[in-house]
Structure formats: C-alpha cells, structure tokens
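One structure below.
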Amino acid sequence: MLDNWIFLELGGSSSQTIIYDQSKDSFSFHPGILNAEKCIALACPGLIKENMVYYATNLGWPDKADPRKELNAPSIQIVENDVVAASLGESVLRSENSNLMNLHFISLGTGVGSASVFNNQAYDLDLGHLHIGGKNYCEGCRSFGCLNSELESKRLPKYLSNKNITFIAEKLATAIGIKNINSDALLALGGGISRGYPEIAQRLDELIPNNVEVTVTPEQSKSAAFAGLYHLVSRRLMEF
Ligand SMILES: [Zn+2]
C-alpha cells in the first residue's frame, strides 16, 4: 500500500517530507523530517550503493554513511540520489502512462547535478564534474575546470543579471556539447537557480539542439524527487 510510505528529500540547505494521500491521489509537502511510523523512501545527495550513501559531505555525514543510522530512521527502505530521483520524477510528472518519456535533467542549485531517464530507468549523467576548461577549483572532484566549478552557487552572484544568465547557458551548452547527449530528448532544468530564472532555460534552448524547459514540479516541492520516489515505491509494490 502506498499509504504506508512517506517520501523524504534531504539537502544541504533544507529538507522536506512528502506525504501521499491515496484517497485523494495527491501529495502534501512539509518542511523538515517528519517522524512517522511508516516506510521511508529517501532522496539525498551522494553516491548511492546498496542503500548506503557515499560522500554526502553537504549533509555533514561521513564518507560512507548508513542513512538509517544518521537519521535514526530504521524504516528507510529505498534510497536514491536526489538528482537521479528528480530526473525520474520529472519524467513521471510529464508522462501520461506508466511508459516514461526519455529526458535529460540538470539541477542548478548548491552544485550542478545531472541525470537522464532512458527506457524507464534513471541514471547519473555526470555532467557536473565534466572538464570544460577554466581556472576554478572544485572541492567535489578536487580538480580545476569542471562545469560545477563555474556554476556552483557560491561562484554566482545572488541576483543574476542578463549577462550572468548568458554565461550560465553558455557553460551548460559547452558541457552538453562535449558530452554529446542524445539531442532528441527534452532537457529539463531544475534546482533553485533554474526555477528562479526561467530565462536560463530559454537561453539554453537557443544554444543547443535539444528542447529545453524548466521543471514542471509543483512550486511547493523541493524538487521532482518526490514523484521519482513515488514511482520507485509503486514499482516495488507491483513486484510483490
Ligand atoms: Zn568538479
């Protein structure tokens, strides 16, 4: 039963609990981590392997962390990377049936995250630490000149000018050109910066062959990750 589950999205700056109401077929969004006697599906930063979380340093966790211990929540049963979950959620929100549309997803927030959905599976696209040239140091990959080193939020002014927006779109276009992503698929931009400045998507749309759009996730949601987690839980329930 989906009613037995809640969805958690953890981030460095804020966290959100999402509750699904099966009778109304709707989601509600709550700040922070709600403690409920339910199974938990978790989206968080870091590399995920067998429900363990690696290198989620934004969360203040050790390099190899068990989220059940870190959050004192033994009922965590599904763990997915936040950007991978958001890409899957983006596809779920845009798809009319259980056959998910293929798309690419880039998140511009504290850092640059990216993922793709292809043949109903979501995977990391690895654009953030792709080397594009430049002199900035990145603490994430511990080297110089990756996309993240140019576009992580601490490198950008608080309020973006038209010039800043063009700069961001051009850096994204450069990385996308190097990665040579499938140009038939839609590229959706998420994360706080993309949602605050939809002009970035418009500008990027002019620069690359892909159609580029801003995420369709509801305004109250931290990201589309909740819909991705919902999909993962639904899929698991169907297997039993
Ligand atoms: Zn990097």
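The values are calculated or read from the model by the stated rules, or taken from the named source; none is laboratory data. Because the structure is a prediction, the values reported are computed rather than measured. Using ideal geometry, Cβ is built from the backbone for each residue, glycine included, and neighbour counts are taken over all protein chains shown.
Listed by first and then second residue, the pairs with beta-carbon distance under 7 Å, at least 6 apart or on different chains, first residue in the range 133-153 and at negative phi, second more than 8 Å from the ligand (Cβ to nearest atom) and of a type in the set (Ser, Thr, Tyr), are 144/137; 149/137; 152/110; 153/110. Of the residues contained in the range 178-188, none is found to be touching a helix residue (DSSP H, G or I) at 6+ places or on another chain (Cβ under 9 Å), surrounded by 19 or more Cβ atoms within 10 Å (Cβ to Cβ) and β-branched (Val, Ile, Thr).
Can you give me the number of residues within the range 72-83 that are buried (at least 21 other Cβ atoms within 10 Å of the Cβ) and outside any strand (DSSP E or B)? Result for the range 72-83: 2. The set of residues in the range 184-216 being in contact with a Gly (Cβ under 7 Å, 6 or more places away or on another chain) and not aliphatic (A, V, I, L, M) consists of 191, 192, 215. When 171, 163 are screened for being among the basic types (Lys, Arg), part of a helix (DSSP H, G or I), over 14 Å from the mean Cα position of the chain (by Cα) and more than 16 Å from the ligand (Cβ to nearest atom), only 163 passes.
For the range 195-222, enumerate the residues that are in contact (Cβ under 8 Å) with a residue 60 or more places away in the chain and over 19 Å from residue 185 (Cβ atoms). Result: 218, 220, 221, 222. Just to be sure before I move on: is residue 161 modelled with pLDDT under 95 and exposed (fewer than 15 other Cβ atoms within 10 Å of the Cβ) in the structure I sent? In short, no. In the range 105-118, the count of residues that are touching a residue at least 12 places away in the same chain (Cβ under 8 Å) and either on the phi > 0 side of the Ramachandran plot or basic (Lys, Arg) (or both) is zero. In the range 12-35, the residues that are more than 17 Å from residue 218 (Cα to Cα) reach residues that are not in a strand (DSSP E or B) with C-beta atoms within less than 6 angstrom, at least six apart or across chains, in these pairs: 12/58; 12/110; 22/2; 22/3; 32/15; 33/15.
With respect to the conditions (1) within 19 Å of residue 195 (Cα to Cα); (2) modelled with pLDDT under 95; (3) in contact with a Pro (Cβ under 8 Å, 6 or more places away or on another chain), residue 51 falls short on a single one, namely (1).
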